[in-house]
Amino acid sequence: MDKLKTFIDTNREAFEDELLPEGHFDRFEQKLPKPRKSKAVIYSLYAFAVAACISLLFLVRIPEGELLPEPTPIAEEPCTCEFAEEFEELRLYYNMQISEIISQMKTLCKQQSIPGAEGLLQETNVVLADSHAFEETILPTLPCSNDGLYTMNMHYNASLKSLNGMLAQMEELKTRNKK
């Protein structure tokens, strides 16, 4: 090892000045094996081709104009739901909570002229409209089960959370206004 180090140190110029011969990199690249496509790419192309063929066969076999069968109307029968009473009690409970928070906000707004409070009070109409739309459109379609009750709880909890946030902002505006 010492002899090699000594040789390199004594012939330093030969190692630093000499460049590789012209065309060295081209000859080196020619000796490298050609890159191949990975198996994953080949398999994904094959799967895509098979899926395209299957979908084409499916479209050819469907008669023109009959892409989807007509839905058959289901006679609406009055359904007795074992959770109906719980649904109604929960709806009334949350509506009372919402009304209570809105009445607190109205009282704060009437007591003092708080800048920005009127805008917050108007935003409660958005929450009320959302709750009304939920009760009119989504609530009747919920399954008569614990899942339906859970969905109902999630909706009303979100409404209460936003109203409580608005009430807290209004109270904060009131304390800032006093200072």
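Here are the numbers for the structure shown:
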{"read-out": "Single residue of the stretch 1-24 satisfying the filter (of a type in the set (D, E, K, R) and modelled with pLDDT under 80) that is nearest to the chain's Cα centre (by Cα)", "value": "Glu22"}
{"read-out": "Scan of the stretch 149-179 for residues that are at pLDDT below 80 and closer than 16 Å to Tyr93 by Cα, ordered by number", "value": "none"}
{"read-out": "Residue in the stretch 152-179 that is nearest to the chain's Cα centre (by Cα), counting only those that are surrounded by 11 or more Cβ atoms within 10 Å (Cβ to Cβ) and farther than 22 Å from Glu100 by Cα", "value": "Arg176"}
{"read-out": "Test: residue in the stretch 126-142 that is at pLDDT 80 or above, more than 28 Å from Cys81 (Cβ to Cβ) and in a helix (DSSP H, G or I)", "value": "yes"}
{"read-out": "Residue within the stretch 74-96 that is loosely packed, with under 10 Cβ neighbours inside 10 Å, at pLDDT 70 or above and part of a loop (DSSP other than H, G, I, E, B) present", "value": "yes"}
{"read-out": "Close pairs (7 angstrom Cβ cut-off, 6 or more residues apart or separate chains): farther than 17 Å from Leu149 by Cα in the stretch 91-103, small (Gly, Ala, Ser) anywhere", "value": "Ile98/Ser131; Ile98/Ser159"}
{"read-out": "Test: residue in the stretch 107-119 that is of a type outside the set (A, V, I, L, M, F, W, C), assigned to a helix (DSSP H, G or I) and modelled with pLDDT of 85 or more", "value": "no"}
{"read-out": "Residue within the stretch 98-106 that is part of a helix (DSSP H, G or I), modelled with pLDDT of 75 or more, hydroxyl-bearing (Ser, Thr, Tyr) and surrounded by 10 or more Cβ atoms within 10 Å (Cβ to Cβ) present", "value": "yes"}
{"read-out": "Some residue of the stretch 117-132 being under 23 Å from the mean Cα position of the chain (by Cα) and surrounded by fewer than 18 Cβ atoms within 10 Å (Cβ to Cβ)", "value": "yes"}
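The values are calculated or read from the model by the stated rules, or taken from the named source; none is laboratory data. Everything quoted here is computed from the prediction, not taken from an experiment. Here Cβ is always computed from backbone atoms with ideal geometry, including for glycine, and neighbour counts include all displayed protein chains.
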